[in-house]
Amino acid sequence: QCNKNYYGPECSMKCQQKDNIEGHYTCDEATGRKICLPGNVLASCTGIKTCLPGWHGDRCNIYCRKTPTSICDGSGKKYCLPNWYGKDCSKYCAPTGNFACNSLTGERGCVAGWYGDQCDRYCIATHDDTAAFSCSETGEKVCHKGWYGTNCERHCVRTRNSVCSNITGERICNKGWHGVNCDTYCMPRNDQNAAYSCDKDGKKACFPLWYGSECDKSCKFGWYGPQCDCSPKDDKTAGYTCDKLTGVRVCQPGWTGFMCDSRGN
């Protein structure tokens with residue numbers, strides 16, 4: 001067996017493989033003859049290395065061939081032409097409208113913010129003073145807790161005195177509670193101690209012949225008006241009846257004036 005870098009029947013042929021400015025070759029194991037690396041055109045294997053078609057790199061050991069859908073750089077790295085994707089640049093995809101292409105696979109997909117098979121449903125997750133929602137895989141708006149409505153634009157938090165409509169988010173007052181925030185209590189009443197209804201704001205509306213902030217005061221028999229200050233009269237000084245609700249004097253025939261105390265003609 002020959003020593004290192006020596007070859008031939010008598011181990012007399014010296015050859016040390018190189019790939020530098022001194023040469024580009026390997027050695028025949030039997031004879032020690034130089035075997036030029038691909039691209040060297042001189043017998044001494046010292047010519048400028050020019051890779052064969054399709055081969056690239058310093059050692060011409062990287063294969064990459066230009067195709068109608070791809071090109072190769074000097075290092076042998078393949079690049080797909082515009083609108084072509086995939087390992088072999090065989091997947092065609094052209095971005096149009098709301099459609100985009102996956103930069104690696106070329107699979108067609110929606111541009112950010114667009115959903116659906118046709119990328120025709122728009123949805124951008126929002127959480128501010130105007131609305132609060134996330135987007136489902138199909139682009140449907142999913143309201144955050146406490147937000148309601150088609151566009152999740154209505155905010156409503158359940159309280160001790162109210163609930164929220166699951167559809168519209170409208171605040172619904174519990175029985176007896178009124179006002180925008182359901183914070184005013186009023187239950188209609190009609191008994192011997194008080195008589196009133198409740199308006200939408202929870203304010204008491206006294207029934208006829210009842211008065212006071214709590215509608216718990218009523219006129220004595222024969223007296224009328226909010227202050228119970230009108231009682232019918234028919235004598236030499238005046239003549240009138242009373243409107244039972246307002247207490248306004250209604251002059252009898254022959255009497256005139258605001259107080260119905262002047263004789264008419």
## Note on the structure
Those trypsin sites (Lys or Arg not before Pro) from region 1-31 that are DSSP loop and have at most 15 other Cβ neighbours within 10 Å turn out to be K4
### Task
Identify, among P53, M259, I124, the residue whose Cα sits farthest towards the positive end of the charge dipole of the chain, taking +1 on the Cβ of Lys and Arg and -1 on the Cβ of Asp and Glu, with the dipole about the Cα centre.
P53
### Query
What net charge is computed for the residues neighbouring G32, neighbours being all others with C-beta under 11 Å from the C-beta of G32, Lys and Arg scored +1, Asp and Glu -1?
0
### Angstrom value of the Kirkwood radius, inverse mean 1/r, which spans all Cα pairs in the chain
29.9 Å
#### Entry: Note, ³J(HN,Hα) from phi for region 21-33, Karplus 6.51, -1.76, 1.60, rounded to Hz, x at Gly and Pro
5, 7, x, 9, 7, 10, 10, 5, 5, 8, 9, x, 5
### Candidate aspartates and glutamates - alpha carbon under 18 Å from K66, same-chain residues fewer than 8 apart omitted
D88
### Query
In straight Cα distance, which lysines are under 19 Å from K200, not counting same-chain residues fewer than 8 positions off?
K175
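Could you put L81, L37 in order, starting from the residue whose Cβ has the fewest other Cβ atoms within 10 Å?
Working: L81 12, L37 20.
Lowest count first: L81, L37.
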### Message
Place a point 7 Å from Cα of T105 in the direction of its Cβ. Which residues in region 75-97 have their backbone N less than 19 Å from it?
### Response
80, 83-96
### Task
In whole angstrom, note down how far apart the Cα centers of region 193-234 and region 113-173 are.
47 Å
### Task
Mind checking the full-extension length gain between N5 and N20? Use 0.36 nm per residue of separation minus the Cα-Cα distance, one decimal, nm.
3.7 nm
### Query
If each residue's Cβ is checked for other Cβ atoms within 10 Å, how do T96, T26 rank with the fewest at the top?
T96, T26
### Query
When only Cα pairs under 8 Å and 6 or more residues apart are kept, what is the percent relative contact order across the chain?
5 percent
### Message
Full-extension gain between L81 and D28, please, as 0.36 nm times their residue separation minus the C-alpha to C-alpha distance.
### Response
14.8 nm
### Message
For K91, give me every one of the aspartates and glutamates with a C-alpha distance below 19 angstrom, ignoring sequence neighbours fewer than eight places off in its own chain.
### Response
E107
### Query
Non-local amide H neighbours of G169 (under 5 Å, H modeled in plane, Pro and chain starts lacking H): which ones?
G149
#### Entry: Cα-centre dipole for the chain with unit charges at Cβ (Lys and Arg positive, Asp and Glu negative), debye to 20
380 debye
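Throughout, read-outs are computed from the coordinates displayed, never taken from laboratory work. On a predicted model such as this, the values are computed, not experimentally measured, just so you know. Please note: Cβ atoms are built from the backbone with ideal geometry, for glycine as well, and neighbour counts cover all protein chains shown.
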